[in-house]
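> Sharing a structure below in structure tokens format, with a few things to ask.
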Amino acid sequence: VYSDDTRTEVLAGEIVFPPSPLVVHQYVRGTLSCLLAPFSDRHTPGGWWLLPAVDVRFAVHDVPCPDFSGWHRNDWPAPFGVRPIDLIPDFVCEILDPAYERQDRGYKADLYAAHGVAHLWFIDPSERFLEAFELSAGRWLRLGMYDETATVRIPPFAAVELDLAELFPPADAIPR
């Protein structure tokens, strides 16, 4: 049964019901929010709006709900009270779930590129890596794939070092 609270996406005109996020997925999303907090400081000129799981209308028949999206604050002074969001994000991060990874890496990544999202990250909680891409001439250019042992500076947030070990829960806490 569909309601405003049902987790849905509209992709190519089809209503899609992504799986509910696993606890590890939610953990990574929350931790990413903390790691990127220096960029969302309301007192930082030119900062970011960094929002988890919001509906973004890319086209009439394409309204995905990226796991994490970011907009330059100068481009969008007041994001609140809007659903879906009609401004294309500058940054999108998808936290991969084996049941939905094909959709994230396929149709949604192509959609983001076609509409000019500048940066795309994939985080895989089970394999414990972050993969970063930058849009170049309408195509995704892979900047790198970093595992949990890396401390990195990754665009568009290269001003701060990210210790990826902090991004993931302790390995012994995740059943295999």
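> Go through region 113-137 and count every residue that is open to solvent by less than 50 Å² (accessible area, probe 1.4 Å) and either farther than 25 Å from Leu87 by Cβ or not β-branched (Val, Ile, Thr) (or both).
Residues that pass the stated criteria total 16.
> Is one or more of the residues making up region 140-152 within 16 Å of the chain's Cα centre (by Cα), part of a strand (DSSP E or B), in contact (Cβ under 8 Å) with a residue 24 or more places away in the chain and surrounded by 12 or more Cβ atoms within 10 Å (Cβ to Cβ)?
Among the residues of region 140-152, at least one is within 16 Å of the chain's Cα centre (by Cα), part of a strand (DSSP E or B), in contact (Cβ under 8 Å) with a residue 24 or more places away in the chain and surrounded by 12 or more Cβ atoms within 10 Å (Cβ to Cβ), which makes the answer yes.
> Would you pick out the residues in region 153-176 that are in a loop (DSSP other than H, G, I, E, B) and open to solvent by 90 Å² or more (accessible area, probe 1.4 Å)?
Going through region 153-176, the residues in a loop (DSSP other than H, G, I, E, B) turn out to be 153-161, 167-170, 174-176.
Matches in region 153-176: Arg153, Glu161, Pro175, Arg176.
> Further question: Are any residues in region 23-72 open to solvent by 20 Å² or more (accessible area, probe 1.4 Å), under 14 Å from the mean Cα position of the chain (by Cα) and charged (D, E, K, R), and if so, which ones?
Arg29, Asp55, listed by residue number.
> Which condition number does Asp110 fail, the rest of (1) in a loop (DSSP other than H, G, I, E, B); (2) open to solvent by 20 Å² or more (accessible area, probe 1.4 Å) being met?
(1)
> Go through region 87-107 and report how many residues are without any contact (Cβ under 8 Å) to a residue 40 or more places away in the chain, in a loop (DSSP other than H, G, I, E, B) and either under 20 Å from Asn74 (Cα atoms) or open to solvent by 40 Å² or more (accessible area, probe 1.4 Å) (or both).
So the count comes out to 4.
The values are calculated or read from the model by the stated rules, or taken from the named source; none is laboratory data. All of these numbers come straight from a predicted model, not from anything done at the bench. For neighbour counting, all protein chains shown are included, and Cβ atoms are generated from backbone atoms with ideal geometry for every residue, glycine included. For the accessible areas, the whole protein counts, side chains as well, though only heavy atoms, and no ligand, DNA or RNA atoms are used. Shrake-Rupley method; radii C 1.70, N 1.55, O 1.52, S 1.80 Å.
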